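Report on one structure; see the data block that follows.
The values are calculated or read from the model by the stated rules, or taken from the named source; none is laboratory data. Note that the structure is predicted; figures quoted are calculated from it, not measured. When we count neighbours, we look across all protein chains shown, and the Cβ atoms used for this are built from the backbone with ideal geometry, even at glycine.
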Amino acid sequence: MRLSVVVPCFNEIAVLPALRARLMAACQDAVGEDFEIVLVDDGSTDGTRRLIAAYHSEDPRVVGVLLSRNHGHQLALAAGLSFCRGERVLILDADLQDPPELLPQMMARMDQGFDVVFGRRRSRAGETRFKTGAAHLFYRVLRRFSTVEIAADAGDFRLLSRRVVDIVVKMPEEHRFLRGMISWIGFAQSPFDYDRAPRLAGETKYPLRKMLRLAADALTGFSTLPLRLASYAGFAFAGMGVLLMIYVLASWLAGAVVAGWTSLMATVLIIGSVQLIVVGILGEYIGRLYMQSKARPLFIVDQLLRDEAERGLR
């Protein structure tokens, strides 16, 4: 099979009809009839699952991967990549902010010898200034901290070769930042600039809480610099403590009363706060090690909607 398209879906019943129609047209334009569309239901509660099942019954090229509960966007992508079979795999969000009509151009770019063609956003229509600014800052901070070169302004919208997909599937991380994992793999990767459209329908599935969680996964998954910064802060405040002790001792020897109860309490509070922050950073890394050590499955599939003859190939 020449092409698979993997789309994680969570409460996307309002957008699925347009998504299906546009994806079918884009795939036929790119590869003819030799493709599949893998729709991953991530524990939806609005009828998305039933609609995916209906699409599969109408057209076997639509494959449904129905998860047992909501696992989150990144693990839903992992599930889709585990079951897709195409020699090339397009990752796409269901909200149609990333136009599937760009697929033929991305295929042509991959024909030039690239293993990854990733979308790089020139503009982000329909998004607030806060979200745009936060995303801009996040990518710059991540690039500064990370030991891996991660492209700025690039989301999960990308076309992957089969060998890249096979490597990603073997990676066992529970706390995933897929775009960083793909950058870590290496091989020839090329940006593809485009303008991001506003969401077609429904609500965003990445509110501030989930954005912060993804940022934490990215920083802790690809950098130990927060731990190093915690150490630097410890040394800095230790130095300040030594200077303060010298000042207090010198004042006592000179017979002067050391004034400044308020400043002393402020210093104690600041140092205590820094200690708690350092403990929190350590706890974040240790907690992720603990969860990973359980070696639980990344996701649980409730039902796989695929033709029986094809299912036997798995």
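The table that follows gives values for the structure above.
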item: The one condition in (1) within 19 Å of Leu178 (Cβ to Cβ); (2) in contact with an Asp or Glu (Cβ under 9 Å, 6 or more places away or on another chain); (3) among the small types (Gly, Ala, Ser) that Ala26 fails to fulfil; result: (1)
item: Criterion: at pLDDT below 90 and buried (at least 22 other Cβ atoms within 10 Å of the Cβ) - qualifying residue of Gly43, Gly119; result: Gly119
item: Lone unmet requirement of (1) in contact with a Lys or Arg (Cβ under 7 Å, 6 or more places away or on another chain); (2) closer than 19 Å to Asp302 by Cβ for Glu87; result: (2)
item: Test: residue in segment 84-105 that is closer than 17 Å to Arg179 by Cα, surrounded by fewer than 20 Cβ atoms within 10 Å (Cβ to Cβ) and touching a helix residue (DSSP H, G or I) at 6+ places or on another chain (Cβ under 7 Å); result: no
item: Residue ID - modelled with the lowest pLDDT, chosen from residues in segment 96-116 that are of a type in the set (A, V, I, L, M, F, W, C) and in a loop (DSSP other than H, G, I, E, B); result: Leu96
item: Among residues of segment 70-95, those that are part of a loop (DSSP other than H, G, I, E, B), at pLDDT 90 or above and more than 18 Å from Phe118 (Cα to Cα), counted; result: 2
item: Test: Gly80 is crowded, with 20+ Cβ neighbours inside 10 Å and not hydrophobic (A, V, I, L, M, F, W, C); result: yes
item: All positions within segment 1-52 that are in a strand (DSSP E or B), out of contact with any Ser or Thr (no Cβ under 9 Å at 6 or more places or on another chain) and among the β-branched types (Val, Ile, Thr); result: Val5, Val6, Val7, Val40
